[in-house]
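The next block holds one structure in the form of structure tokens; read it before the comments.
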Amino acid sequence: MSPDLTLPAWLTSEQRSTIGALAERNQAAHGDDLLGILLSGSAGRNYATPRSDLDVVVVLTDDAAATRQTAHSPDVDEQVDSWSELLDVPEFGTGDWWFRWTYARAPVLLDRTGGELAAAAQRQALLTPDEADAVLIDHDRLDGWVNFAYRALKNDRDGRPLEARLDAAESVPWLLDVVFAIAGRVRPYNKYLPWELRHHPVEGWPADDLLGLLDRTLAGDAGALRETFTRVRAACAAYDERRGHARTTEMIDGWGTELGVFAP
């Protein structure tokens, strides 16, 4: 019996046919061990180009998944997850952390778990307050961003434009981790950053504002780093208030008089 799929309206007839065939093949191979199917990647976010493939996540019982592996073709990347893998939430800095955003906004095409699969996928893309603290503080993403921005500004001050641009560029991944951790979200892949900001705004960081600051930062614009610092400091103060601690504010204040380089 063909699985009853819920497909996004924006998919083309060809994409629908490809996904339908994939679902039928997995149903025939695994029967009740087929727990669900998600659509990730560009197609799952209505962001595809004519050259985009389909990124499909097939969720199987642990025993069934043990007999399968991810399959790649020009048209479809078929990732196989066991139920245990989907429920496991990797910590920041571990090898599988980077895959967590795969599940963000990924439409659920088939869910035979009574909604547990959808909830598990959503959990992958969200940070608990303790996880956010860990990203910001325990893993030094906030301190690291201040460090690279500080170094860029010192190089700019001392007439080293190339060095300033290099440090400014290196600060960007740290900044994005900070912005999204404060929002309780896993940072999106760079390809999807504009899409994420425009379709799922981050409070305090309007899409055009943040993207503009990033563009200027990559050009080594000292003013952009100073503007960003002001925004980050305010965001950290609000975050600390919500969390009932002062850890991010204290981390920034710990830079003491060195913060003078961020003054306009």
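Bear in mind these aren't lab numbers, they're just calculated from the coordinates by the rules spelled out. Small disclaimer: the values here were computed from a predicted structure and weren't measured. Virtual Cβ from ideal backbone geometry, glycine too; neighbours counted across all protein chains shown.
What ³J(HN,Hα) values, in whole Hz, does the Karplus curve 6.51 cos²θ - 1.76 cosθ + 1.60 give for region 118-128 when θ = phi - 60°, with x put for Gly and Pro?
Along region 118-128, the couplings run 4, 5, 5, 5, 4, 4, 4, 8, 10, 10, 6 Hz.
Can you tell me which of L162, L60, L87 moves the most in a GNM of the chain? Springs connect C-alpha atoms under 10 Å apart.
Comparing L162, L60, L87 in the GNM, the peak value goes to L162.
Which entry in [x] 31; [y] 41; [z] 46 is this structure's computed percent of Cα pairs over 27 Å apart?
[z]
Working from Cα positions, state the angle (0 to 90°, nearest 10) between the long axis of helix 207-218 and the longest principal axis of the chain.
60 degrees
Relative contact order of region 13-125: what whole-number percent is it, with Cα pairs under 8 angstrom and at least 6 residues apart?
Relative contact order of region 13-125: 27 percent.
Looking at the chain, which longest stretch skips every one of the trypsin sites (Lys or Arg not before Pro) that is in a DSSP loop with at most 15 other Cβ atoms within 10 Å, leaving the sites themselves out?
Longest gap between qualifying sites, sites excluded: 113-264.
Using a Gaussian network for the chain with springs between C-alpha atoms less than 10 Å apart, which of these wobbles most: G223, G204, G159?
In this elastic network of the chain, the residue with the biggest mean-square fluctuation among G223, G204, G159 is G159.
Considering Cα pairs under 8 angstrom that are at least six residues apart, work out the relative contact order of region 129-262 and quote it in whole percent.
Here the relative contact order equals 29 percent.
Quickly work out the S17-to-R123 label distance, labels modelled 7 Å from Cα along the C-beta direction, and quote it in nm with one decimal.
3.9 nm
Can you sort I19, I182, I137 so the residue with the fewest Cβ neighbours within 10 Å comes first?
The fewest-first ordering by Cβ neighbours comes to I137, I19, I182.
Over the chain, calculate the relative contact order: mean separation of alpha carbon pairs under 8 Å at least 6 apart, over the residue count, as a percent.
Over the chain, the number comes to 14 percent.
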